[in-house]
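The values are calculated or read from the model by the stated rules, or taken from the named source; none is laboratory data. Bear in mind that the values here come from a model prediction, so they are computed numbers and not experimental data. Note that we place each Cβ from the backbone using ideal geometry, even for glycine, and neighbour counts take in every protein chain shown.
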Amino acid sequence: MTEVPSYLSPTGQEIVLLLLGAVAVGAALLVVTTRQLVHAALWLVVCFGALAGSYLVLTAEFVAWVQVLIYVGAIVVLLLFGIMLTRAPIGRAADLDSRNRPAAVLVATATAVVLVTVIVDGFRTAYAPLEPGAGSAKEIGSSVFRNWVLPFEVLSVLLLAALIGAIVLSRTDIRGRE
């Protein structure tokens, strides 16, 4: 049986993982708190990039590159196209503020405290050594095409419907619209 390392002397991998986690959490907070929609999409790119870096540290290279290609490359571009095609307000809009910020901060903080407490308590003694190969393309590909084919297909149809809906909503030359 291998000895479980102490949390008081983290390894280099653990320090990098913690730093990337802090960047991801910070960028995610900026995504939901910024008042400009395009800036939120750009902070989402930073958040997804930090997650991809975390996957690299955890030796899941395939998942990291899929994260970069699909989420950073495709989903954020789809969001930006949706923003442009629907002519959503890009700047600040005072009428979108519901003035519930203190209640939202209170609920978010309470939720975060509960989740962190449950996770830390549940995984206090859990330790898994990082071994290369757990995120290989062969293992993930067989899992995806064996267990997750239907959710992937449903998601692709949903994204296609969202793109078509954005195009229809943005067109002004369609008859019957006033």
Flagged in segment 84-130 as of a type in the set (D, E), modelled with pLDDT under 85 and part of a helix (DSSP H, G or I), in numbering order, are D95
By residue number, the members of segment 12-44 that are within 22 Å of P102 (Cβ to Cβ) and part of a helix (DSSP H, G or I) are V25, G26, A28, L29, L30, V31, V32, T33, A40
- Query: In this structure, does V154 turn out to be β-branched (V, I, T), surrounded by fewer than 11 Cβ atoms within 10 Å (Cβ to Cβ) and at pLDDT below 85?
  - Reply: no
Exercise for review: Inspect all residues belonging to segment 63-78 and state whether any of them is modelled with pLDDT under 85, assigned to a helix (DSSP H, G or I), within 28 Å of V120 (Cα to Cα) and among the hydrophobic types (A, V, I, L, M, F, W, C).
Suggested key: yes
